[in-house]
Amino acid sequence: MLTQKQKDLLISIHESVQENGVAPSFDEMKDALGLKSKSGIHRLISGLVERGYLERLPNRARALEVVKLPEDYKKETPQQTSASVFKTENPGVRHIPLYGKIAAGTPIDAIAHEGDYVDAPLSMLGSGEYYALTVDGESMIDAGIHDGDLAIIKRVETARTGDIVVALVDGHHVTLKTFERKGDTIYLKPENKHHEVQVYDASQIVIQGVLSSIIRQY
């Protein structure tokens, strides 16, 4: 049997994912439930995972999947923890997580900054889950992607030749490049004549998203 705090948190995560496409940050959960520290949120989430209500998704920052809801869901409304707590006040934008920097040059680690979000215009988004990364480098400049731009990424696991993708290389680094596949060989192609094409075996690459749009940072 769930405690009221566990129930409130579970429903809040569910409603936030349904409406915003992403779970709230730990800071948002903490504030919404009136807790003093994020350690309390960690304990609540661990309890929900152990009881089979939540699942942590690997290799994805703050990625939580609601496996099941309380049987009395909809019969009661959690106090001060509806998805509206986590929604942006501007109806023309969606609050999406900012996961850190992505190299448009030499691959670097994408660092998830817990609690960081950006507002993306709804006109840039379709259905599905999105996140943002800050471009670091100029290897994609001929595609109009500049150092410091915000890359709005749709989370997918497959790509077609010509897509600009977020590629996880050898399980350690990510890079933003134009994707091409020939058999078991994947080419990650820069859009800058001064940079070389990166060539990998397909087993070395995991697609973590495709570029949806760019927000210029001035």
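The values are calculated or read from the model by the stated rules, or taken from the named source; none is laboratory data. Please read all numbers here as calculations on a predicted model, not as lab measurements. Backbone-built Cβ (ideal geometry, glycine too); neighbour counts: all protein chains shown.
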**Study point:** So ARG62, is it under 20 Å from the mean Cα position of the chain (by Cα), at pLDDT below 75 and either closer than 30 Å to ASP147 by Cβ or assigned by TED's automatic domain parsing to the domain that holds LEU150 (or both)
**Key:** yes
Revision key, fill the gap. Quick count over region 154-187, residues being small (Gly, Ala, Ser) and closer than 13 Å to VAL210 by Cβ, is 3
Review point. Which one of HIS172, HIS195 is touching a Ser or Thr at 6+ places or on another chain (Cβ under 8 Å), more than 20 Å from LEU98 (Cβ to Cβ) and in contact (Cβ under 8 Å) with a residue 60 or more places away in the chain?
Key: HIS195
